[in-house]
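Rule-based calculations on the coordinates, nothing more; no lab input. The model shown is predicted, which means the values in this text are computed figures rather than measured ones. Using ideal geometry, Cβ is built from the backbone for each residue, glycine included, and neighbour counts are taken over all protein chains shown.
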């Protein structure tokens, strides 16, 4: 008897017996045309049932396709199954870069964009904001290209897989650049009262790591673009002390898993992620949640979480606080609002995590909190839907692409289409 596939963390077992792996676009088109129910599996780094299906589960990892740089349009066309780590290496070798990257370079381009996955930075939109066109195999097996000037484009990039199978994307690029990564230890919590916005805006990308157990933030990870200006931080920054050795976000974990720190300048793709491509950061022994609130509410949200930290800290490995710039993408949590993300890496105990999530969501409810599409959350569907002012437009778009609901599943029905 075959063993059913699981997601990367192993907390979800898919309903299907095996994953379909078409070896050509033509094979995929035929598979789509005869399927009555289908979902696409990216790199498997989602922690909920967003990719699950009782029909055909498809991986794009075997599809052929080249990374094609167009210097004239400052863009790159990529096959959807490519992972950011491999794409970044090829771009850098050609003299180009993306505006930002996520914490992990191991995640697929299409899956990351479909769920509005992001990096950090006060002026950096999520990864989907780099997309200028999308190639989609629709429910009847047709291959269509939707560009930035086409009607409904803002609904096609972050689409949760509900429009069709994305087989290719074109992304905006820029000349390659260098980044310094500096880590500071033990930021006094009191410094946030007067300087939180200044800290979060202090470099191209800034992340705060905390276990919510003390009167200080464990680490500030600062990623500074050397082509912008000189890094002004010294041995101490807002009361935090510059680390003289490599750090890992989790105490006791090998720091060599992480990208180079200590202020040593290096290529963007070897500094913007927290973790190195040649190391798997963990064996999946974790669960993840992430919640977004307006950046203007960041300090109040931190205080609200701090008041209940004794409830969730025992099941927490580490939490990251970072910024994401506003965008115009309909299903992006950052639609028309600069946001702050509160990311939680939990121990791998689903029952214990499920018990504390409602308390976190209740504490953040007054700030119109929005959950990450690909993480674990318990917010009621009606609350999630209320956060998206263009939801009806997306519903209409999805129905026009997929009137029979081939690309829908229980997750999409519950959070997008139910009333």
Q.
For 56, 327, 186, which order do you get if you count the other beta carbons within 10 Å of each Cβ and list the fewest first?
A. 186, 56, 327
Q: Tell me the Kirkwood hydrodynamic radius of region 365-419 in angstroms, computed as one over the mean inverse distance between distinct C-alpha pairs.
A: 12.2
(Q) Using Stokes-Einstein with the Kirkwood hydrodynamic radius over Cα pairs, what translational diffusion coefficient do you get for region 238-318 at 10 °C and a viscosity of 1.306 mPa s, in µm²/s rounded to a whole number? (A) 101
(Q) As I understand it, the value is the acute angle between the Cα axis of helix 84-93 and the longest principal axis of the Cα atoms of the chain; what does it come to in degrees, rounded to 10? (A) 80
(Q) Suppose we look only past 14 Å in the calculated P(r) of region 338-398. What percent of the Cα-Cα pairs does that tail hold? (A) 63
Q.
Per q in 0.10, 0.11, 0.15 Å⁻¹, report the Debye log10 I(q)/I(0) for region 1-116, using one uniform scatterer on each alpha carbon and no solvent.
A. -0.35, -0.42, -0.74
Q.
Can you tell me the mean projection area, over all orientations, of the convex hull of region 68-175's alpha carbons? Units nm², please.
A. 6.7
Q) If you look at just the Cα atoms of region 268-419, how large are its Rg and its Dmax in Å? A) 16.8, 48
Q. Of the beta bridges DSSP finds with both residues in region 1-127, what % are antiparallel, to the nearest 5?
A. 50
Q. Taking a ≥ b ≥ c as the square roots of the eigenvalues of the Cα gyration tensor of region 120-229, is the shape rounded (a/c under 1.5), prolate (a/b larger than b/c) or oblate?
A. prolate
Q: Note the angle between two axes, namely the Cα long axis of helix 191-200 and the longest principal axis of the Cα atoms of the chain, as a number of degrees from 0 to 90, rounded to the nearest 10.
A: 50
**Q.** Compactness of region 136-201, expressed as Rg and Dmax over alpha-carbon positions, Å
**A.** 21.0, 58
Q) Taking other Cβ within 10 Å of each residue's Cβ, how do 223, 375 sort, fewest first? A) 375, 223
Q: When you have a sec, figure out the Kirkwood radius of the chain from all distinct Cα pair distances and drop it here in Å to one decimal?
A: 21.8
Q. Contour minus end-to-end for residue 23 and residue 72, with contour as 0.36 nm per residue of separation and end-to-end as the Cα-Cα distance?
A. 14.6 nm
**Q.** Highest-MSF residue in the chain out of 233, 266, 168 [GNM, Cα springs under 10 Å]
**A.** 233
Q: Could you work out how far helix 298-307 tilts from the main Cα principal axis of the chain, as a 0 to 90 degree angle to the nearest 10?
A: 80
Q.
Using a 7 Å offset from the Cα along the Cα-to-Cβ direction at both residue 86 and residue 351, what is the distance between the two label points in nm, to one decimal?
A. 4.0
Q. Which one of 298, 33, 80 has the biggest mean-square fluctuation once the chain is modelled by GNM with Cα springs under 10 Å?
A. 33
Q | Per-bin percent of Cα-Cα distances, region 199-358 [5 Å] | A | 1, 8, 15, 19, 20, 18, 12, 4, 1, 0
Q. With each pseudo-label sitting 7 Å past Cα toward Cβ, what's the residue 61-residue 174 distance in nm, one decimal?
A. 3.3
Q. Based on the mean of other beta carbon atoms within 10 Å per residue, what is the order of 363-372, 64-73, most packed first?
A. 363-372, 64-73
(Q) What does DSSP give for the chain in terms of the percent of beta bridges that are antiparallel, rounded to the nearest 5? (A) 90
Q | Computed [θ] at 222 nm, helices only, for the chain once each DSSP H run of length n ≥ 4 contributes -39500 (n - 2.57) | A | -5500 deg cm²/dmol
**Q.** Relative contact order (percent, whole number), the chain, Cα cutoff 8 Å, 6+ residue spacing
**A.** 18
Q. Which distance in nm do the two modelled labels at residue 264 and residue 244 give, with both placed 7 Å along the Cα-to-Cβ direction?
A. 1.7
